[in-house]
There are 2 protein chains.
Amino acid sequence: MTVTRQGDGTYRLDGAYLAETYSVVGPLEGKGPLAEYFHRVWRDEGKRFPSFERAERALLGEAQDGAVSAMGIGWDGVDLVLGGDLLDQLISTNFAGRDHRRPLFGLFSACATFSEGMGLAGLLVASGGPRRVVVAAVSHHLAAERQFRFPLELGYQRAPTASWTATAAGAAIVTHEPGPLRLEAATVGRVVDWGQSDPNDMATAMAPAAVDTIRRHLEALGERPTDYDAIVTGDLGALGVELARHLAAEEYDLDLSRLDDCGLLLYDRKAQDVHNGASGTGCSAAVFSSYLVHQLRRGTWRRVLLVATGALFSPTSNGQGETVPTIAHAVAVGRGGTA
Amino acid sequence: MTVTRQGDGTYRLDGAYLAETYSVVGPLEGKGPLAEYFHRVWRDEGKRFPSFERAERALLGEAQDGAVSAMGIGWDGVDLVLGGDLLDQLISTNFAGRDHRRPLFGLFSACATFSEGMGLAGLLVASGGPRRVVVAAVSHHLAAERQFRFPLELGYQRAPTASWTATAAGAAIVTHEPGPLRLEAATVGRVVDWGQSDPNDMATAMAPAAVDTIRRHLEALGERPTDYDAIVTGDLGALGVELARHLAAEEYDLDLSRLDDCGLLLYDRKAQDVHNGASGTGCSAAVFSSYLVHQLRRGTWRRVLLVATGALFSPTSNGQGETVPTIAHAVAVGRGGTA
């Protein structure tokens, strides 16, 4: 088991494997193109709960419990939980900790939190410390809307560049026990802020962070984009993917023409009215824990680079006229562990 | 360099050293008993800044820059930054990342964030991954008051059990380079919630979490409280320290009579009107980075256990009638590295 520093912020991992994953999504997500890959689809947004926040917490709890159950272990077989959400003070992640009662490190990189957790889990497990780490992230459309934007009841019009915060949770277990899927490397993101300040256009703000991290990751490991069967960003959506491809080509001579994005994969943008695509901390967590891992398991792909992206602003910073700092964390997962 | 799992959530560390620390505090903190130990004291709460939030960010920036400068390295000598603050979406930590532009993992455990970061830095550096990690945390009294409670202008009366959010920042560099101070072990906290729901009394809520973590830490390492020259909790204050001592004695037959607390050390409770004591993410960060490290460096103490405590609620969860989940993370630092 080793961690090898490779360039600036990139680490090669040896001895960290991906065990089970579990995804739980809302009804809109369950009608999208990835429907068949999710482990559980809620019939509604959680109207049995007294608040949207309680619904979000339940969504996270189901994803975490699902991953632990799927592995055939109890919660006492888990050494550490890493996770986060979009709600102020991470109330979903922290309140869910009352149920599992396992050692917990709360994380926040907005919608990049899941790959922050996966990278960190890889680093920790490959170091011979914790043996099994649950990484989880969640978001709920209705809880996020009223915290970051307006109450739904206002019926305001969405901007064309706005993305749709997904009602989704994903959980993955990173383990020291050898298995077919391995965490190969992680790259820690840096804050990138090109001066965008429109809170209804996160894609333009986040695209440079995604390209920065992908470029650093590839350079550090001496790789090309084609060394991965899929490079999948977090929530850039239609506009952001286009911008990232252009930026990579023009500034760095890097061909990201095959770049895909969790925010594009989650919904059918023609049939579902989500404008730029999906976003939310749970988006990349759920897409990774379902579709991406499925492609690796069945052997359609051998290697995936997940690059979740986050917009690190708040309603307060926006109201104070600040621009939007962004970040992207990358984790490479591949077949090539021990079957 | 090794990390050794020792019991449930406790890790023995070999190869992680504490290099420089730096603390910056506000005027009230600078008039308290620890005045001589702080590296910088602001003359006012930052009235040169356009907002309290900008002041908080500047406080953090000064602490981080101070630690990096004190070590005689530039920011490019830093492999990773770990940190957090109390403001929604960690805007202090994340916006400060625009300046240093180093790989950043955002953390959140409320006022336990600094020891979360220290433990994590110990685990990562002892694994041979990142070589130098900056751990930092900040809070600002005026920014916290208006986010969590009321605008100061309201002039509301504080409850006797309420604590005073400190205007303070602390930064520490954890390095692979051997030095006189060593990170010996870390214990990851678990969420503890005994059903307290009064947002003006965090001490009662957090005391059980502190005892849980101290007890687990000592048991895992086969240690007694007297093996440390000081066990210092985060922000329990007068009431919380008393409760923790009673709880430890009555439930676990554990003698914590010598327990001290960053929230008690920071202010002179007789001369300064802070009720239960200090709190805030920056409190334990600044007290550790000044007074506690000073005691270790001069040899007054050989070993310190820092157990920062956090109340993981939000104004939303409180408004929804929820109780307050809490957590405490511990890190043991001692002389016994290579001089």
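The values are calculated or read from the model by the stated rules, or taken from the named source; none is laboratory data. Quick caveat, the model's predicted, so the values are computed rather than measured. When we count neighbours, we look across all protein chains shown, and the Cβ atoms used for this are built from the backbone with ideal geometry, even at glycine. What goes into the accessible areas is simple: the full protein's heavy atoms, side chains included, and nothing from ligands, DNA or RNA. Shrake-Rupley method; radii C 1.70, N 1.55, O 1.52, S 1.80 Å.
Residues considered: B:Val174, B:Val191, B:Val68. Largest GNM mean-square fluctuation over chain B, using C-alpha springs under 10 Å, is found at B:Val191. Each other copy holds its own label point for B:Glu153; taking that point as 7 Å from Cα along Cα to Cβ, the gaps run 2.7 nm, nearest first. The trypsin sites (Lys or Arg not before Pro) of segment B:196-258 that meet both conditions, a loop assignment by DSSP and at most 13 other Cβ atoms within 10 Å of the site Cβ, are B:Arg258. Using the Cα gyration tensor of segment B:70-120, with a ≥ b ≥ c the square roots of its eigenvalues, what is the shape: rounded (a/c below 1.5), prolate (a/b larger than b/c) or oblate (neither)? The shape class here is oblate.
Size check on the protein assembly as shown: the Cα extents along the three principal axes, sorted descending, read 67, 53, 47 Å.
Taking every C-alpha pair closer than 8 Å and separated by at least 6 residues, the mean separation divided by the residue count of chain A gives a relative contact order of 26 percent. The residues of chain A present an accessible area of 33 Å² per residue when probed at 1.4 Å with all protein chains retained.
Relative to its residue count, chain B spans a Cα convex hull of 122 Å³ per residue. Of the residues A:Ala166, A:Ala238, A:Ala121, the one that moves most in a GNM of chain A with alpha-carbon contacts below 10 Å is A:Ala238.
Summing +1 for each Lys or Arg and -1 for each Asp or Glu among the other residues whose beta-carbon sits under 12 angstrom from that of A:Leu265 gives -4. Using a probe radius of 1.4 angstrom, the carbon and sulfur fraction of the accessible surface of the protein assembly as shown is 47%. Chain B's nearest residue to the axis relating it to A, judged by Cβ and reported with the distance in whole Å, is B:Ser127, 1. Using a 7 Å projection from Cα along Cα-to-Cβ, the label point at A:Ala70 is separated from the same position in the remaining copies by 4.6 nm, smallest value first. For the residues of B:309-318, the average number of beta carbons from a partner chain within 10 Å of their own beta carbon is 5. Charging the Cβ of each Asp and Glu at -1 and of each Lys and Arg at +1, and nothing else, the dipole of chain B about its Cα centre rounds to 860 debye. Compute the separation of the alpha-carbon centres of segment A:208-235 and segment A:305-337 and state it in Å as a whole number. Cα centroid of segment A:208-235 versus Cα centroid of segment A:305-337: 14 Å apart. With a Förster radius of 56 Å applied to the C-beta separation of A:Tyr252 and A:Asp76, the computed FRET efficiency comes to 0.75. First select every other residue whose beta carbon is under 11 angstrom from the beta carbon of B:Gly97; then total the charges, Lys and Arg +1, Asp and Glu -1. That works out to +3.
Restricting segment A:1-100 to trypsin sites (Lys or Arg not before Pro) that sit in a DSSP loop and have at most 16 other Cβ atoms within 10 Å of their own Cβ leaves A:Lys31, A:Arg43, A:Lys47, A:Arg48. The smallest convex shape that holds all Cα atoms of segment B:5-66, its convex hull, gives 147 Å³ per residue. Working from Cα pairs under 8 Å separated by at least six residues, relative contact order for segment A:1-110 is 20 percent. Taking the label point 7 Å along Cα→Cβ, A:Lys31 and its counterparts in the other copies are spaced 6.2 nm apart, in ascending order. Placing a pseudo-label 7 Å from each Cα along the Cα-to-Cβ vector at A:Gln320 and B:Lys270 gives an inter-label distance of 3.8 nm. Within the shell defined by Cβ-Cβ distances under 9 Å, the residues around A:Gly336 carry a net charge of +3, with Lys and Arg each +1 and Asp and Glu each -1.
Counting only DSSP beta bridges with both residues in chain B, the antiparallel share comes to about 65 percent. Pick from B:Gly319, B:Gly117, B:Gly179 the residue whose mean-square fluctuation is largest in a GNM of chain B, springs joining Cα atoms under 10 Å. Checking each option, the largest mean-square fluctuation is seen for B:Gly319.
Backbone geometry of segment B:97-114 corresponds, through the Karplus equation with coefficients 6.51, -1.76 and 1.60 at θ = phi - 60°, to 3J(HN,Hα) couplings of x, 5, 7, 7, 6, 9, x, 9, 10, x, 10, 8, 9, 6, 6, 9, 5, 5 Hz, x marking Gly and Pro. For a straight C-alpha distance cut-off of 19 angstrom, the lysines reachable from B:Lys270 (same-chain residues fewer than eight places away being disregarded) are B:Lys31.
Shape class of segment A:163-223 from the alpha-carbon gyration tensor: oblate, with a/c at 1.5 or above and b/c at least as large as a/b.
Extending 7 Å from the Cα toward the beta-carbon at both B:Asp229 and A:Asp44 defines two label points whose distance is 6.2 nm.
With a ≥ b ≥ c the root eigenvalues of the C-alpha gyration tensor of segment B:123-234, is it rounded (a/c under 1.5), prolate (a/b larger than b/c) or oblate? Oblate, since a/c reaches 1.5 and b/c is not below a/b.
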